[in-house]
Amino acid sequence: MRRALPLMLLAVPAPVLANTSPEANVIMPAPIAYPQTRRVDQVDEQFGVKVADPYRWLENDVRTDSEVRGWVDQQVAVTSAYLATLPGRDIFKARMKQLYNYERFGLPVKKGGKYFYSRNSGLQNQSVLYVRDTLDGVGRVVIDPNGWSKDGATALAEWRPSEDGSKILYGIQDGGTDWRTLKVLDVASGQLLSDTVEWVKFSGLSWAKDGSGFYYSAFPAPAEGAKFQALNENQKVFFHKLGTPQSADRLIYATPDKPRQGHIAQLTDDGRWLIIATTQGTDRRYEVHAVDMTVAGAAPRMVFAGLEYEWQLAGNSGATLFWKTNNGAPRLRIVATDLPADGGLPTVREVVPQDDAVLESATIIGGELIAEYLVDVKGEVRRYSLDGQMLGLVPLPGIGAVGGFGGDQSDPETFFAFTSFNTPTTIYRYDVKTGAATAWATPTVAFNPADYVVEQKFYASKDGTKVPMFVVHKKALATGPAPTLLYAYGGFNISTLPGFSATRLAWMEQGGVLAVANIRGGGEYGTAWHDGGRLANKQNVFDDFIAAGEYLIAQGITSKDKLTIQGGSNGGLLVGAVVNQRPDLFAAALPAVGVMDMLRFDRFTAGRYWVDDYGYPSKKADFKVLLAYSPYHNVKSGVAYPAILATTADTDDRVVPGHTFKYAAAIQAAEIGPKPHLVRIETRAGHGSGKPTDKVIEEAADLWAFAAKWTGMAVK
């Protein structure tokens with residue numbers, strides 16, 4: 001999910017003025033004629049429990065199954081007709097276009113004295129890759145993906161300049177898929193080389209230091225018609241020599257006896273070591289091998305065995321490798337290993353011990369260790385010598401999220417990005433020698449950041465655990481309960497950090513509140529916080545989210561009839577689960593690309609990785625936990641549900657759209673009240689990355705207009 005998101009007509013009464021319900025003074029619309037969805041007599045028995053799955057056929061690929069395509073077309077027609085009636089839709093869309101129309105930069109990558117970076121002029125569907133010959137020189141276009149497809153849905157994905165800056169290795173992402181096609185471009189001439197590499201997914205990209213080729217990871221080509229649904233297994237690391245066909249690529253590392261292991265290769269800055277990290281799921285538990293590139297034909301040697309701990313390379317000094325790890329440190333620390341000349345296993349020695357803060361990343365730049373920490377979900381950057389002496393802090397412009405500090409470890413020049421809820425991403429140049437941070441690219445935006453307030457609050461969950469939550473709104477917000485959007489993720493050790501969003505700003509401009517809860521399951525407080533919200537502890541995630549809503553209501557920030565919840569992917573699962581558990585607490589729900597069938601998630605594409613957080617449906621103890629909260633299996637007829645607008649996309653091959661299709665069918669078939677229960681299905685889009693700007697704006701306008709309708713927001 002980091003690396004890694006369900007027909008009969010609904011019988012409802014005629015329109016009435018609901019005077020006694022939580023939606024007091026909201027005129028209920030005429031009932032929606034949902035498409036009829038065929039039910040099948042599919043019942044699976046596991047561990048003595050019979051589980052009905054009447055919409056199993058909706059798992060079939062929408063591109064190849066005509067019945068699924070017909071169902072999708074009908075759902076699109078019904079949802080589009082409803083959304084067209086919402087008065088705030090055009091207002092949100094127009095304002096988002098204004099807010100999105102600002103210059104946005106990515107972090108520069110310096111190679112061969114040149115600076116490569118992405119830039120979007122504002123409303124371009126895809127960002128463009130530029131290069132400057134000097135730091136403050138004039139940028140020229142290297143790759144512009146905006147002409148690659150008529151609908152703007154073909155994106156420039158990962159890219160890497162060669163060591164001398166003469167070539168760019170880059171991935172093409174079509175329609176939002178996780179699959180990549182790799183190409184190589186000559187920077188000076190703008191001409192493509194003949195090289196093409198297919199079936200790349202979840203891969204690192206590393207150039208050989210002499211520019212002769214590159215290292216990458218790929219899967220075997222899937223069977224015909226199975227590209228978007230087949231399990232991803234047997235990933236291998238290859239070396240591709242420029243000017244040769246992919247069929248001639250040299251196999252570097254594979255584990256055919258362990259097909260579920262995945263492998264990613266990374267070359268150290270000095271070219272001395274090729275580091276191969278092996279994992280089997282989403283947990284950051286790695287086995288690590290190293291190849292000594294100074295020895296011709298050297299085989300990978302074991303560095304860390306056992307898939308037990310996180311080992312993230314920070315850099316090296318000769319045979320000494322520096323790592324970020326949770327080995328002996330649930331909030332992580334920095335250690336070093338000296339690889340013995342005899343090929344034996346190294347001894348780990350501590351360089352920077354564990355701290356109360358959570359170590360997010362570490363890199364060597366300019367001969368120093370630059371370490372990014374989270375302090376109560378706020379970014380802090382510390383400097384250390386290679387022997388672990390504290391040298392000071394990197395100055396930051398305020399409270400927010402920070403990331404970057406890449407580049408060659410011998411170069412004292414690096415770049416980082418800073419953002420917060422009311423601060424668009426700004427790129428800074430950092431000079432390790434002087435300790436100075438200067439703005440390199442500052443956006444000019446169509447709003448005044450000073451008009452907004454960002455607060456962090458702490459509330460008690462069901463079991464008493466204190467959970468942090470950011471609350472953001474206009475300073476001039478009127479007193480009394482306000483329409484509120486509550487967002488969370490809660491899984492896979494992923495921290496939800498402060499960050500700017502033009503679409504969220506449009507919500508707050510209309511008098512709405514944004515609340516972002518840092519619930520358990522994430523990485524905000526290290527291993528214990530993650531462990532507290534996964535596997536048998538997954539209910540804590542839902543309890544934390546429900547408690548966030550109850551806190552916002554108790555504090556008078558919002559009320560039940562003004563509260564919308566939102567989450568995507570694992571967060572879509574979150575929204576689906578808590579709506580089933582507390583349908584009375586929310587006015588509207590926006591689950592996006594959610595994992596909705598917890599008994600079959602591991603059968604498609606990357607789903608088999610997620611057992612680290614969810615458990616195995618095939619194991620009795622895990623099965624009972626999963627069945628208890630699975631959104632698809634726990635829809636409760638006879639209970640009034642909030643308005644629901646679920647979203648997915650036909651090319652999502654991370655969380656296949658069948659999850660949301662089946663969930664939509666289930667909520668439309670159940671007797672859960674007169675509010676709309678719809679599904680919005682995007683075409684030529686995937687799990688989120690690569691989505692063109694116009695599709696982002698269209699979708700957000702639909703979501704906010706829907707939420708505004710059911711929270712009583714007067715959009716103007």
Relative contact order in percent for the range 378-472 (Cα pairs under 8 Å, 6+ apart) equals 16 percent
Both in Å, the radius of gyration and Dmax of the C-alpha trace of the range 415-506 are 16.7, 51
Taking a probe of 1.4 Å and leaving out DNA, RNA and ligands, the range 548-595 shows per residue an accessible area in Å² of 20 Å²
With R₀ set to 35 angstrom, the calculated FRET efficiency between the beta-carbons of residue 121 and residue 33, to the nearest 0.05, is 0.20
Residue 616 and residue 438 label points (each 7 Å along its Cα→Cβ direction) are spaced in nm at 5.8 nm
Bridge orientation stat for the chain from DSSP, antiparallel percent rounded to 5, came to 85 percent
Quick P(r) readout (the range 633-716; Cα-Cα; 10 Å bins; whole %) gives 16, 41, 33, 10, 0
Regression test value, accessible area per residue of the range 374-533, probe 1.4 Å, units Å², expected 36 Å²
Between residue 531 and residue 60, Cβ-based FRET efficiency (R0 35 Å, step 0.05) works out to 0.45
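Highest mean first, how do 314-322, 274-282 rank when packing is the count of other Cβ atoms within 10 Å averaged over residues? It would help to have the intermediate numbers written out before the result.
Numbers: 314-322: 19.0, 274-282: 21.6.
Packing order, densest peptide first, comes out as 274-282, 314-322.
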Measure of exposure for residue 618: accessible area at 1.4 Å probe, Å² rounded to 10, is 80 Å²
Karplus-derived 3J(HN,Hα) from phi for the range 631-645 (6.51 cos²θ - 1.76 cosθ + 1.60, θ = phi - 60°), whole Hz, x at Gly and Pro, runs x, 5, 8, 10, 5, 10, 5, x, 10, 6, 9, x, 5, 10, 10
Sorted by chain and then number, the residues having a modelled amide H within less than 5 Å of the amide H of residue 111, at least 5 places away or on another chain, are 116
Once Lys and Arg are counted +1 and Asp and Glu -1 for all other residues with Cβ under 11 Å from that of residue 616, the total becomes 0
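Would you tally the net charge around residue 260, using a Cβ to Cβ cut-off of less than 9 Å, leaving residue 260 out, and scoring K and R as +1, D and E as -1? It would help to have the intermediate numbers written out before the result.
Working: positive: 258, 608; negative: 233.
It works out to a net charge of +1.
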Expected vector for the range 226-232, Karplus 3J(HN,Hα) from phi with 6.51, -1.76, 1.60 and θ = phi - 60°, integer Hz, x for Gly and Pro, equals 10, 4, 9, 10, 5, 4, 8
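How about the range 129-199: which trypsin sites (Lys or Arg not before Pro) there lie in a loop by DSSP and see at most 12 other Cβ atoms within 10 Å?
Passing sites in the range 129-199 are 150.
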Taking R0 as 60 Å and r as the Cβ-Cβ distance between residue 248 and residue 716, the FRET efficiency 1/(1 + (r/R0)^6), rounded to the nearest 0.05, comes to 0.45
Expressed in angstrom and rounded, the centroid-to-centroid distance over alpha carbons for the range 683-707 and the range 539-587 is 22 Å
So the carbon and sulfur contribution to the accessible area of the range 294-422, 1.4 Å probe, in percent, is 50 percent
Reduced to Cα centres, the span from the range 107-153 to the range 318-376 in Å works out to 33 Å
The answer for the net charge of residues other than residue 133 whose Cβ lies under 14 angstrom from its Cβ, with Lys and Arg +1 and Asp and Glu -1, is +3
From highest to lowest solvent-accessible area (probe 1.4 Å; ligands, DNA and RNA excluded), 66, 637 read 66, 637
Probe 1.4 Å, all chains present, heavy atoms only: residue 270 accessible area in Å², nearest 10, is 80 Å²
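How much space per residue, in cubic angstrom, does the convex hull of the C-alpha atoms of the chain take up? Kindly include the intermediate steps, with their values, before the conclusion.
Working: hull volume 111.1 nm³, N = 716.
Hull volume over Cα atoms, normalised by residue count, gives 155 Å³.
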Subtracting the Cα-Cα distance of residue 376 and residue 138 from 0.36 nm times their residue separation yields 81.7 nm
For residue 302 and residue 266, extending 7 Å from Cα along the Cα-Cβ vector and measuring point to point gives, in nm, a value of 2.2 nm
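The values are calculated or read from the model by the stated rules, or taken from the named source; none is laboratory data. The shown structure was predicted, so the numbers you read here are calculated from the model rather than taken from an experiment. Reconstructed Cβ throughout: ideal geometry from the backbone, glycine too, with neighbour counts over all protein chains shown. Calculation scope for accessible area: heavy atoms of the full protein, side chains included, ligands and nucleic acids excluded. Shrake-Rupley method; radii C 1.70, N 1.55, O 1.52, S 1.80 Å.
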